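*Asks:* Shown below is the structure under consideration.
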Amino acid sequence: MYAQVNNTRLYFQVRGQGIPMLMMHGGLGLDHSYFRPWFDALCSHMELIYYDHRSNGRSERPDNLAGISHDTWIADADALRTELGHDRIILFGHSYGGALALEYALKYGDRVAGLVLCCTAPVFDYLDVILENANAKGTSEQLAALEAVLSGTVQEDEEWRKMWMTYLPLYFKEYDPGVGAAMDGKMVYSVAAQNHANAHCLPSFNALDQLDKIETPTLVISGRKDWITPPAQAGERIHAELTNSESVVFEESGHFPFIEETGPFMQLISDWVAGLGLATDKKNVPKRVVGM
């Protein structure tokens, strides 16, 4: 399905019913599909709103990304929330999507009933650690692919796909080629979005000094073996600055704990959301339930 918002067309899918959770995917240059089927386990009691950011996946892709920023992407997300009729939502951000979720919560905090930040960082000021982790874990082929992507020399979607699939194993504690193939089979790649975000958006992203302004109940999730957002540089820094947060580290996971430890991960989300004491009205708009 598509929503016409903010002069663009956003691709989205809604699964399940209950408290709405808007899913912000990472990458950028990837799409929402890597969340599925794992998160579908929550559909029995939550409404999951999967969507692709502007210029990513199946959403509209402008010929020129100049002027598109984090503000653009979070405004799109808020417009989608409004289009779907939700006053307040649970917001889930993974990886780069977590950076966008942080900025959404800072700008639209009154519209967020709960914030889940999974394998993301408040600022990417530790490139030395990322490269050290990659060098320790990666093959020469993987490191060459990573260097090509980081340098912005990859210009075609199919080339970006090949580079991503080459170093995707770095993101897992124990990589399963079958899982990788399943992710790849559903993915719609956008190298333009990847290059634009890494060159023009991520370098200036820094939410660290503003985290104490976020009062929204927040669950911070990390993977112990995550090479790109390791707990010490990412989740732990977020948790330390937030005034109302809980931090959980999945010991047997890398960057995708919802894939590597699916059962415990989904139980954590279910229990945490239940602990917020939210209910839904007929429009699935979350409200605080007094006395719970």
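The values are calculated or read from the model by the stated rules, or taken from the named source; none is laboratory data. What you see is a predicted model; the values in this text were computed from it and never measured. Quick reminder, even Gly has a Cβ in these numbers, built from the backbone with ideal geometry, and neighbours come from all protein chains shown.
*Asks:* Among the candidates Phe92, Phe39, single out the residue that is touching a Cys at 6+ places or on another chain (Cβ under 8 Å), touching a residue at least 60 places away in the same chain (Cβ under 8 Å) and of a type in the set (A, V, I, L, M, F, W, C). Break it down into steps so the answer makes sense when it comes.
*Replies:* Working: Phe39 fails: touching a Cys at 6+ places or on another chain (Cβ under 8 Å).
Matching residue, one of Phe92, Phe39: Phe92.
*Asks:* Something else about it: Please go through the stretch 225-236 and pick out each residue that is free of Cβ contacts under 8 Å to residues at least 24 places away in the same chain and in a helix (DSSP H, G or I).
*Replies:* Residue satisfying the conditions is Glu236 alone.
*Asks:* So which residues in the stretch 59-86 are under 20 Å from Met21 (Cα atoms) and either of a type in the set (Phe, Trp, Tyr) or part of a loop (DSSP other than H, G, I, E, B) (or both), if there are any at all?
*Replies:* Ser59, Trp73, Leu84, Gly85, His86
*Asks:* Against the condition at pLDDT below 95 and at positive phi, how does Gly85 come out, does it pass?
*Replies:* Values: at pLDDT below 95: no; at positive phi: yes.
Considered against the rule, which asks whether it is at pLDDT below 95 and at positive phi, Gly85 comes out as no.
*Asks:* If I ask for residues that are charged (D, E, K, R) and either within 19 Å of Asp110 (Cβ to Cβ) or under 16 Å from the mean Cα position of the chain (by Cα) (or both), which ones from the stretch 63-79 would you list?
*Replies:* Within the stretch 63-79, Asp71, Asp76, Asp78 qualify.
*Asks:* What is the residue count in the stretch 237-261 for residues that are assigned to a helix (DSSP H, G or I) and crowded, with 16+ Cβ neighbours inside 10 Å? Even if it seems obvious, please write down each step before you answer.
*Replies:* Filtering the stretch 237-261 for residues assigned to a helix (DSSP H, G or I) gives 237-241, 257-260.
Add one more test, that the residue is crowded, with 16+ Cβ neighbours inside 10 Å, and what stays is 237-239, 241, 257-260.
Total satisfying the criteria: 8.
*Asks:* Here's a follow-up. Working only within the stretch 138-196, note down all residues that are small (Gly, Ala, Ser), part of a helix (DSSP H, G or I), over 22 Å from Cys119 (Cα atoms) and touching a residue at least 24 places away in the same chain (Cβ under 8 Å).
*Replies:* The answer is Ala192, and nothing else.
*Asks:* Next question. Name the single residue, out of those in the stretch 32-58 being touching a strand residue (DSSP E or B) at 6+ places or on another chain (Cβ under 8 Å) and part of a loop (DSSP other than H, G, I, E, B), that is farthest from Gln194 (Cα to Cα).
*Replies:* Per the stated criteria, the residue is His45.
*Asks:* Counting only residues that are over 14 Å from Val14 (Cα atoms) and over 15 Å from the mean Cα position of the chain (by Cα), which one in the stretch 83-93 is surrounded by the most Cβ atoms within 10 Å (Cβ to Cβ)?
*Replies:* Ranking the qualifying residues of the stretch 83-93, first place goes to Arg88.
*Asks:* Could you list, in sequence order, the residues of the stretch 241-275 that are of a type in the set (A, V, I, L, M, F, W, C), in contact with a helix residue (DSSP H, G or I) (Cβ under 7 Å, 6 or more places away or on another chain) and over 13 Å from Cys118 (Cβ atoms)?
*Replies:* Leu242
*Asks:* Which of the residues belonging to the stretch 1-35 are charged (D, E, K, R) and free of Cβ contacts under 8 Å to residues at least 40 places away in the same chain? Quick ask: steps written out before the conclusion?
*Replies:* First, pick out the residues of the stretch 1-35 that are charged (D, E, K, R): 9, 15, 31.
Hit for the stretch 1-35 is Arg15, nothing else.
*Asks:* Confirm whether Gly114 is small (Gly, Ala, Ser) and part of a helix (DSSP H, G or I). Even if it seems obvious, please write down each step before you answer.
*Replies:* Details: small (Gly, Ala, Ser): yes; part of a helix (DSSP H, G or I): no.
No: the conditions fail for Gly114.
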